[in-house]
Amino acid sequence: MLRILESEALVEASATKGARLLGLLGTRLGEHPNVGEVRGRGLLVGIELVADRETHAPFPRAARVTERLVAAAQARGVLVYSGTGVADGVDGDTILLGPPFVITDDELRRIVDVLGEAVEQVATDVAAAPIGSG
């Protein structure tokens, strides 16, 4: 396994593809009012979801924002990791991306498109029925 990582320069590819993924996400979600931060290293990228971008105030746990986003992305064919309680042990929502080293640029763009759609859907749903209805 280590030999493959070295011979196929997968660590370097991860850095390059991760930078591309961060760039695409920044363009698509970087100014979204419910995205507090997008950051990562290599292909591990986290997205913080917030009720207020300026103050970074989290959504209340009862809104189940992470669960809604995971379901919306999965319905569109993209799997993400979820995280909750990151703001204060209860509130605070994040998702984590961890695509494989061999991901293509088309696949990176698809992930970003799907996440953009999913974030928009969840933001609309939470605004329409904010607490505990998702």
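The values are calculated or read from the model by the stated rules, or taken from the named source; none is laboratory data. In this text the structure is predicted, and so the values were computed from the model without any measurement. Here the Cβ positions follow ideal geometry from the backbone for every residue, glycine too, while neighbour counts run over all protein chains shown.
Some points to look at:
- Of the residues in region 38-56, at least one is over 30 Å from Leu5 (Cβ atoms) and either touching a helix residue (DSSP H, G or I) at 6+ places or on another chain (Cβ under 6 Å) or of a type in the set (Ser, Thr, Tyr) (or both).
Rundown of residues vs (1) closer than 17 Å to Arg110 by Cα; (2) among the small types (Gly, Ala, Ser); (3) surrounded by 20 or more Cβ atoms within 10 Å (Cβ to Cβ); (4) in contact with a Cys (Cβ under 8 Å, 6 or more places away or on another chain), yes/no style:
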| site | (1), (2), (3), (4) |
| --- | --- |
| Val35 | no, no, yes, no |
| Arg39 | no, no, no, no |
| Leu44 | yes, no, no, no |
| Asp52 | no, no, no, no |
| Arg61 | no, no, no, no |
| Glu67 | no, no, no, no |
| Gln74 | yes, no, no, no |
| Leu79 | yes, no, no, no |
| Val86 | no, no, no, no |
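- Boolean, Asp93 is surrounded by 17 or more Cβ atoms within 10 Å (Cβ to Cβ) and at pLDDT 95 or above: yes
- Test: Gly46 is touching a Gly at 6+ places or on another chain (Cβ under 8 Å), within 22 Å of Lys17 (Cβ to Cβ) and at pLDDT below 95: no
- Qualifying positions in region 103-118 - touching a Lys or Arg at 6+ places or on another chain (Cβ under 9 Å), among the aliphatic types (A, V, I, L, M) and either surrounded by fewer than 16 Cβ atoms within 10 Å (Cβ to Cβ) or not in a loop (DSSP other than H, G, I, E, B) (or both): Leu108, Val112, Val114, Leu115, Ala118
- Any hit, region 8-21, residues being within 20 Å of Val90 (Cα to Cα) and at pLDDT 95 or above: no
- Tally, over region 88-111, of residues that are within 19 Å of Val38 (Cβ to Cβ), within 16 Å of the chain's Cα centre (by Cα) and not β-branched (Val, Ile, Thr): 10
- Among the residues examined, Val119 qualifies as over 30 Å from Ile4 (Cβ atoms) and hydrophobic (A, V, I, L, M, F, W, C).
- A search for C-beta distances below 7 Å between a residue of region 14-28 that is over 14 Å from Arg110 (Cα atoms) and any residue that is surrounded by fewer than 16 Cβ atoms within 10 Å (Cβ to Cβ), counting only pairs 6+ apart in sequence or on different chains, returns Gly18/Arg41.
Residue-wise test of (1) part of a helix (DSSP H, G or I); (2) out of contact with any Leu (no Cβ under 7 Å at 6 or more places or on another chain); (3) charged (D, E, K, R).
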position: Ala13; (1), (2), (3): yes, yes, no
position: Thr16; (1), (2), (3): yes, yes, no
position: Ala19; (1), (2), (3): yes, yes, no
position: Gly26; (1), (2), (3): yes, yes, no
position: Val38; (1), (2), (3): no, no, no
position: Thr55; (1), (2), (3): no, yes, no
position: Arg68; (1), (2), (3): yes, yes, yes
position: Ala71; (1), (2), (3): yes, yes, no
position: Gly77; (1), (2), (3): no, yes, no
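- Here is the figure for region 79-99: residues that are under 15 Å from Leu43 (Cα atoms), free of Cβ contacts under 8 Å to residues at least 24 places away in the same chain and part of a loop (DSSP other than H, G, I, E, B) total 1.
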